[in-house]
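Report on the following structure.
The values are calculated or read from the model by the stated rules, or taken from the named source; none is laboratory data. Computed from a prediction, not measured in an experiment: that's the story for all the values here. Don't worry about glycine lacking a Cβ; one is built from the backbone with ideal geometry, like all the others, and counts go over all protein chains shown.
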Amino acid sequence: MIYKLKFILIMCVVILNGCGTSLGTATRVDREFANVSDIDISTIMSIGGLRVQKSPDEKIYVTYYEYDHVKYNITENIHELEFKQYIHDDIVGSEDPLPVTVLLPYEFDGTLTSRMSAGDITVEDFIANTNDINITTNAGNINMINTSTLNNTILSVDVGSINLTDIIANKINLSVDVGNISGSIKGNRSNFNISSSVNIGNNSLGNAQGSPNSLDAKINIGNLDVTFRE
């Protein structure tokens with residue numbers, strides 16, 4: 001039976017005595033999940049970032065690291081997985097823990113959604129077989145490397161950059177408020193309807209009429225430099 005997995009990462013600041021506390025010793029934790037249709041990764045805050053890569057089989061794997069002063073609590077039922085992060089208030093900003101890693105199957109048919117208030121997100125060597133990739137972060141960078149989706153790829157950053165390396169998508173929507181969009185898209189420029197705008201900064205992408213794919217890119221303050229590579 002295929003069910004929906006809702007994957008929520010929440011940072012809770014635990015008030016303890018003392019100051020200048022380090023993370024402490026890292027302990028790796030590996031979890032695996034099967035029969036999953038959708039991934040919804042939501043965060044209030046992530047101080048370690050997120051990596052999404054290809055799974056070696058049909059299961060979904062989640063790897064994270066607990067420290068002396070960074071703990072996680074996972075609650076699972078048939079519909080959702082709640083992933084909470086508890087950190088010592090004094091370690092915030094002192095050092096970065098290792099990122100959470102999610103491995104998704106090669107022919108994953110679900111929707112990958114990630115909403116983070118802070119932290120870098122890297123999606124690498126991943127194929128979304130039928131549905132969408134929808135990733136946003138308030139402060140941080142989105143790095144998408146050798147990734148393809150048959151439907152929509154939606155990437156949004158408030159403060160930070162979007163970096164693309166040979167991505168493939170039929171519909172691409174890129175948005176940055178303050179920061180840059182750069183990198184490469186695999187395909188022929190003539191096959192894309194291109195709509196791009198930069199309020200303050202440089203725009204090397206321009207606009208074009210094509211078919212059947214679409215690329216929308218906009219920046220408020222920053223530079224836009226995206227190329228096509230066959």
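Odds and ends about this structure:
- Considering residues of region 154-179 that are of a type in the set (Val, Ile, Thr), free of Cβ contacts under 8 Å to residues at least 24 places away in the same chain and buried (at least 17 other Cβ atoms within 10 Å of the Cβ) only, the residue farthest from residue 53 (Cα to Cα): 157
- Single condition residue 185 does not satisfy, out of (1) under 18 Å from residue 152 (Cα atoms); (2) surrounded by fewer than 16 Cβ atoms within 10 Å (Cβ to Cβ): (2)
- Filtered by the rule that a residue be assigned to a loop (DSSP other than H, G, I, E, B), at pLDDT 85 or above and in contact with a Phe, Trp or Tyr (Cβ under 8 Å, 6 or more places away or on another chain), region 34-72 gives a lone residue, 55.
- A residue that is over 19 Å from the mean Cα position of the chain (by Cα), closer than 25 Å to residue 127 by Cα and charged (D, E, K, R) can be found somewhere in region 180-198.
- Against the numbered list (1) of a type outside the set (Asp, Glu); (2) in a strand (DSSP E or B); (3) modelled with pLDDT under 65, residue 31 comes up short only at (3).
- Checking residue 183 against (1) in contact (Cβ under 8 Å) with a residue 40 or more places away in the chain; (2) on the phi < 0 side of the Ramachandran plot, the condition it does not meet: (2)
- Near pairs, Cβ below 6 angstrom, 6+ apart or cross-chain, from region 198-218 (within 12 Å of residue 182 (Cβ to Cβ)) to any residue that is hydroxyl-bearing (Ser, Thr, Tyr) and surrounded by fewer than 14 Cβ atoms within 10 Å (Cβ to Cβ): none
- Applying the condition of being over 28 Å from residue 58 (Cα atoms) and at pLDDT below 75 to region 98-140 and asking which residue is surrounded by the most Cβ atoms within 10 Å (Cβ to Cβ) yields 118.
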